[in-house]
Amino acid sequence: MAKIKTPSYIEAIKGKVDSDENVYYSERYGETYLCEYNPCEQEPTETQLEHREKFRNATAQALADMKDPSKKAEWTATAKKSNKYKTARGCAFAHYYQNGTTN
C-alpha cells in the first residue's frame, strides 16, 4: 500500500477505477493510498472461516456500542488513555476481538 498525493481531480475518487486493473484508491484518516487487490482463488480454510466469524461478531458488537452514548463515551476515554487507538470504535473492536463479544 503506497501513500500518494492525489491531484485535485482525483481526490473524490475512491475504490476501483478500472475493472481490468487490480488497484484501488483508499482513504484512511484523511490520507489517500493506492492499494493492490489480489483476489484469492482458493476455498477458505476452516481457520479462515472462524476468523471471519470472530471479526464479524467483534465488528457488530463495537458498532452496537457506538450507538449507545454512555458506552461510546467509555470507549472514547479508554482509547485516549491507551494512546494505542485513534478511535473509540477501534478500541472497542480490539477489545471484543481479543476477548470475545460478551460484555
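The values are calculated or read from the model by the stated rules, or taken from the named source; none is laboratory data. These numbers come from a predicted model, not from an experiment. A quick note on method: Cβ atoms are made from the backbone with ideal geometry, for glycine too, and the neighbour counts reach across all protein chains shown.
Pairing residues of the stretch 60-72 that are touching a residue at least 24 places away in the same chain (Cβ under 8 Å) and buried (at least 16 other Cβ atoms within 10 Å of the Cβ) with residues that are in a loop (DSSP other than H, G, I, E, B) and of a type in the set (A, V, I, L, M, F, W, C), at Cβ distances under 6 Å and at least 6 apart in sequence or on separate chains, gives no pairs at all.
Quick grid of which residues meet (1) surrounded by fewer than 10 Cβ atoms within 10 Å (Cβ to Cβ); (2) touching a helix residue (DSSP H, G or I) at 6+ places or on another chain (Cβ under 6 Å); (3) modelled with pLDDT of 95 or more; (4) not hydroxyl-bearing (S, T, Y):
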position	(1), (2), (3), (4)
P7	yes, no, no, yes
I13	no, no, no, yes
N22	no, no, no, yes
E27	no, no, no, yes
Y37	yes, no, no, no
P44	no, no, no, yes
W75	no, yes, no, yes
K86	no, no, no, yes
G90	no, no, no, yes
